[in-house]
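First the structure, in the form of C-alpha cells, and then the observations on it.
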C-alpha cells in the first residue's frame with residue numbers, strides 16, 4: 001500500500017532532555033488490498049533525546065474499500081527509529097483484511113514537498129499491501 005501524506009504545521013515542546021514534535025496530517029492510500037483516505041487528521045509524534053536517539057509513531061484511521069469492494073476502516077500505527085525501517089501495525093473491520101493484523105509488515109518513508117510517501121510491505125513476500 002502506498003500512503004500519500006500531506007502534513008500541516010507541527011506543534012512542539014522542548015524539555016531539558018527531550019523534544020516532542022507532533023505533526024498533524026491527512027492521507028490517501030492505494031494498494032492491492034485497500035484504498036481509502038483519513039477520516040480525521042492523523043498525528044506523527046517524533047521524540048528526540050539529548051543523546052541523539054530518535055523515535056517516531058504515526059497513528060491514523062483510513063476509510064475506504066477493501067479488495068472486494070466492501071466499505072471498511074483501517075487503523076495504522078507506524079513506529080520506528082529510522083524513516084527507512086518502520087514497523088506498521090494494522091487493524092481493520094474488514095474480514096477480508098484481518099490477515100494484516102498478524103502480518104509481519106515494514107514500511108519506508110520518503111519525504112516529498114508537502115509531506116511524505118509511506119510504502120507498506122509484507123515482510124515475508126516483500127509485496128505491496
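Coordinate-derived values only; no laboratory data. Every value quoted in this text rests on a predicted model; they were computed, and no experiment measured them. Methodologically, a virtual Cβ is constructed for each residue, glycine included, from the backbone with ideal geometry; neighbour enumeration extends over all protein chains shown.
Modelled spin labels at residue 122 and residue 79, positioned 7 Å past Cα toward Cβ, are 2.3 nm from each other.
Matching the structure-derived Rg/Rh (Cα atoms, Kirkwood Rh) against the labelled list (1) 1.09; (2) 1.37; (3) 0.99 gives the label (3).
Summary of the geometry: region 1-35 and region 75-104, compared by the centres of their Cα atoms, lie 15 Å apart.
Residues of region 16-45 with the amide nitrogen closer than 17 Å to a label point 7 Å from the Cα of residue 8, along Cα-to-Cβ, please. Output list for this probe position: 21-28, 37-45.
Estimated from the Cβ-Cβ distance and a Förster radius of 41 angstrom, the FRET efficiency linking residue 22 and residue 65 is about 0.90.
Taking square-rooted eigenvalues a ≥ b ≥ c of the alpha carbon gyration tensor, is region 1-50 rounded, prolate or oblate, where a/c under 1.5 means rounded and, failing that, a/b exceeding b/c means prolate? Cα axes put region 1-50 in the prolate bin.
One chain, two ends: residue 87 and residue 41. Fully extended at 0.36 nm per residue, the span grows by 14.5 nm beyond their Cα-Cα distance. Considering only alpha-carbon pairs that sit under 8 angstrom and 6 or more positions apart, the relative contact order computed for the chain is 22 percent.
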